[in-house]
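Notes for the one structure printed next.
The values are calculated or read from the model by the stated rules, or taken from the named source; none is laboratory data. Source: prediction; values computed, not measured. Glycine also receives a Cβ, built like all others from the backbone with ideal geometry; neighbour counts cover every protein chain displayed. Side chains included, ligands, DNA and RNA excluded: accessible areas come from the protein's heavy atoms. Shrake-Rupley method; radii C 1.70, N 1.55, O 1.52, S 1.80 Å.
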Amino acid sequence: MLVLFETPAGYAIFKLLDEKKLSQTENLYNDFQTPEAASKVVKLKHFEKFQDTTEALAATTAAVEGKVSKMLKKMLKKQVAAEGVHNELLVADAKLGNAIKDKLSLSCVSNTAVQELMRCIRSQLDGLLAGLPKKEMTAMALGLAHSLSRYKLKFSPDKIDTMIVQAVCLLDDLDKELNNYIMRCREWYGWHFPELGKIVTDNIAFVKTVKLIGTRENTSSTDLSDILPEDVEARVKEAAEISMGTEISDDDIENILHLCDQVIEISSYRTQLYDYLRTRMMAVAPNLTVLLGELVGARLISHSGSLVNLAKAPASTLQILGAEKALFRALKTKKDTPKYGLIYHSTLVGSASTANKGKLSRMLAAKASLCTRLDALGEDSTLELGAEHKVKLESRLRLLEEGNLRRLSGTGKAKSKFEKYQGKSEFKQYPAAADSTLPTKRSHSESEDKKPLVEEIVPKKKIKLEPGAGPSSLVTEVKSEPEDDDESSKKKKKKKKKSKEQSEEEQEAVEVPDVSDSGKKKKKKKKSVSEDVEDVPMEEEVPEPSSEKKKKKKKKSVSE
């Protein structure tokens, strides 16, 4: 039996002298206590040394992946052919044994007994490999370990996501410190010149202004045109003359100026760090950067630990990454789970309306997951996929915001149903007239509708009033006349006849002009109040004169 043993310096092939030792693995370590005893069990037959670290790394990576390297293939062909075809080969790795069996048609054995034999050979390797110094073996082992670790991690100077994690964490820390320092500077200098903080709202401009002017007495003689606009500069100089602040000493203003220097330095370093983070993100994850932005992509990588961990996460996890507390609180209280986490700060989700933020965050997480996997595991470092997905999501967002009015399929009825339940934003103004509590005048039509009819007051009778009598006398006369009196009824009949004769005489005396159909609505001639009251009939049915009667009346008037 032959034993294939892998070392950092090369491949060694040992010959097992006593095959019965494999069945006695429990006491096998007793035979390898000394190099002399070990040489009685196994004997070195051939040692193939690696020429350099590159060849060693290629052979080791092939063995890790379960493949047979070219060097190992050549060596086995020579040594096995010399010993004979029927020899068995003891191998530590079962995957490598299967690959050798497929390529060279050799019977390979890999079990617990072989593993125990390999441990025993490793313990006495320096004595069994007499021609190889110990220092050289150690150096080869160290170099191969470094090379193998770089290969496993796919080490590349441009693909270091650890730098992104550290940079984005430092950027957040700088933002917090800048806010604290600027607030302290505003409050500190506000005791001396409080009006400056209200006039200059920009933090960096405020700090630079304080740095230039020092105390407020120097404001009028200081040129602030490089920092502030002309109108703001004029307002600052006017406020400095009438300021309500207290006087401070030179030591106080010196410490305030030192703080201003710190703020300016940190802000400049923060700008430099942001540019570094942007370039590093475009090198490591270009598709994710195009889709989500530099800061959001870097925070996702930092939160997950690395770009590979982010690529392993599904889209649903990426969507709520950063909202773990809200998620577990919602699951515990059996309420609605959060719809977004760190992805909420991206430009696409921020530009969506409140109703569409959840839907767009779900779509954006799905596309971001694909882009992350391409950046982490793909060989090409192009940003075509991220740009393509961003265009699609922007068009989808446009359709959602417009209410899906441009649908390619669907009937008009379905479209109307969609519009019916779609929320429309309308601005409703409060009517100013609703504030008035004064009584308003009713319109003419309302007053006419609510006037009581004559029929409701008086029965169907004709009443003649004397000239000069008012409408109140009409009611009194109606109430005073009894209905059952016969004499009163006869007198009323005589009065009716006289009123008819008088009305006919008046109509004959008045000339009636030729009126067209459109002019029928006009009033004829105003009569006196007394005549109107006399001729008021108690019945509503008053026949209008026909065209023939009008012609006869014209002829009579002409003849007279």
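The listed residues are 113, 99, 141, and the only one of them that is touching a Pro at 6+ places or on another chain (Cβ under 6 Å) and surrounded by 13 or more Cβ atoms within 10 Å (Cβ to Cβ) turns out to be 141.
Does residue 45 qualify as being of a type in the set (Lys, Arg), at pLDDT 80 or above and more than 18 Å from residue 73 (Cα to Cα)?
No; evaluated as a whole, the condition is false for this residue.
The condition (being touching a residue at least 60 places away in the same chain (Cβ under 8 Å) and farther than 26 Å from residue 141 by Cα) is satisfied by just one residue among 22, 17: 22. Scanning the range 82-135 for residues that are among the hydroxyl-bearing types (Ser, Thr, Tyr) and part of a loop (DSSP other than H, G, I, E, B) gives 105, 107, 110.
Residues that are open to solvent by less than 90 Å² (accessible area, probe 1.4 Å) and under 24 Å from residue 144 (Cβ atoms): does the range 15-30 have at least one? The answer is no; no qualifying residue exists. Scanning the range 278-295 turns up no residue that is surrounded by fewer than 16 Cβ atoms within 10 Å (Cβ to Cβ), β-branched (Val, Ile, Thr) and over 40 Å from the mean Cα position of the chain (by Cα). Residue count for the range 54-67, restricted to those that are modelled with pLDDT of 80 or more and open to solvent by 60 Å² or more (accessible area, probe 1.4 Å): 2. Those helices (runs of 4 or more DSSP H) of the range 292-365 in which 2 or more residues are in contact with a Lys or Arg (Cβ under 9 Å, 6 or more places away or on another chain) occupy 294-304, 307-312, 315-319, 347-351. One residue stands out among those in the range 190-224 that are among the hydrophobic types (A, V, I, L, M, F, W, C) and under 12 Å from residue 236 (Cα atoms): the one that is surrounded by the most Cβ atoms within 10 Å (Cβ to Cβ), which is 210. Is it the case, given these coordinates, that residue 209 is among the β-branched types (Val, Ile, Thr) and assigned to a loop (DSSP other than H, G, I, E, B)? When the stated conditions are applied, residue 209 does not pass them. Only one of the numbered conditions (1) hydroxyl-bearing (Ser, Thr, Tyr); (2) part of a helix (DSSP H, G or I); (3) in the same structural domain as residue 213 (by the TED database) is violated by residue 279, and that is (3).
Name the residues in the range 225-247 that are open to solvent by 70 Å² or more (accessible area, probe 1.4 Å) and farther than 11 Å from residue 193 by Cα, would you? Once the filter is applied, which keeps residues that are open to solvent by 70 Å² or more (accessible area, probe 1.4 Å) and farther than 11 Å from residue 193 by Cα, the range 225-247 yields 226, 229, 230, 231, 235, 238.
Say whether the condition of being open to solvent by 80 Å² or more (accessible area, probe 1.4 Å), assigned by the TED database to the domain that holds residue 289 and without any contact (Cβ under 8 Å) to a residue 12 or more places away in the chain is met by at least one residue in the range 351-360. Yes, the range 351-360 has at least one match. Within the range 163-202, the residues that satisfy the criterion of being among the acidic types (Asp, Glu) and part of a helix (DSSP H, G or I) are 172, 173, 175, 177, 187, 195.
Of everything in the range 324-346 that is open to solvent by 30 Å² or more (accessible area, probe 1.4 Å) and of a type in the set (S, T, N, Q), the residue that is nearest to residue 291 (Cα to Cα) is 337.
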